[in-house]
Structure formats: structure tokens, C-alpha cells
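What follows draws every value from the coordinates through simple rules; no lab data is involved. Everything numeric in this text was worked out from a predicted model, so none of it was measured. We place every Cβ from the backbone using ideal geometry, glycine too, and count neighbours over all the protein chains shown.
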Amino acid sequence: MRREEIVEVLLTADRTLMSNYHNNEFLGFGTCAPPNFIPELFFSYLFFPRIKTTNGVPSAAPYGLRKIEAQLLNEGFNVNTIDPDQI
């Protein structure tokens, strides 16, 4: 997509879903734990680290979000999935 194009639909997910959990799916369950005893910076790094992006577009996204993106593209919408920190 060129930068000049206007995106009709912008898709994203919350920070806890837009992560690869250090390639350990069981760390994803840690996002449900209360962060009371662990400092927020360490908690977010440990359980849901930021995913790599290119111009705000994540290298990976939740499967359901990608399915919605694919269907919208099939219907002719100009859609883009972005990292939640880019909003």
C-alpha cells in the first residue's frame, strides 16, 4: 500500500494479544495475572513483549484479526492491520 492511500478500515488488537510471547505460548497466560507484585515495565516485557513492525504494520497478528482483514480485502475495502502503539 502506498502512503498516499487513505485506509478505510484500521484493525488492531490490545497490547496483550499483539505479541509473540517470546515464542512460548504459555507465557500468554501470564497476561491474565494481576500485575500487582511485578513492576509494569517488567510485567509487559516478560508476558507480552512488543512485536516487530514495519511502518506500524506488525509482522504477525492474531489469527482472527487476519481472517477479518482477509475478508474485508475480498469485499473490496482498503484495510490495514496496525500495532496498537501506533494509534
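Take the residues of the range 4-23 that are in contact (Cβ under 8 Å) with a residue 40 or more places away in the chain and not in a loop (DSSP other than H, G, I, E, B): which is farthest from ASP83 (Cα to Cα)?
Here is the first cut: in the range 4-23, the ones in contact (Cβ under 8 Å) with a residue 40 or more places away in the chain are 5-15, 17-18, 20.
Of the ones still in play, those that are also not in a loop (DSSP other than H, G, I, E, B) are 9-11.
Numbers: VAL9: 14, LEU10: 10, LEU11: 9 Å.
Among those residues, the one meeting the criterion is VAL9.
Looking only at the range 24-44, count every residue that is surrounded by 13 or more Cβ atoms within 10 Å (Cβ to Cβ) and without any contact (Cβ under 8 Å) to a residue 24 or more places away in the chain and tell me the total. Spell out the reasoning first.
Restricting attention to the range 24-44, the residues satisfying the condition of being surrounded by 13 or more Cβ atoms within 10 Å (Cβ to Cβ) are 27-28, 30-31, 35, 38, 43-44.
Pick out the ones that are also without any contact (Cβ under 8 Å) to a residue 24 or more places away in the chain and you get 27-28, 30-31, 35, 38, 43.
Adding up the residues that qualify gives 7.
Pick from the range 24-68 the residues that are of a type in the set (Val, Ile, Thr) and assigned to a loop (DSSP other than H, G, I, E, B): which of them is farthest from VAL7 (Cα to Cα)? First the steps, then the outcome.
Step one: filter the range 24-68 for residues of a type in the set (Val, Ile, Thr), giving 31, 38, 51, 53-54, 57, 68.
Right, trim to assigned to a loop (DSSP other than H, G, I, E, B) and you get 38, 51.
Details: ILE38: 39, ILE51: 22 Å.
Only one residue tops the list, namely ILE38.
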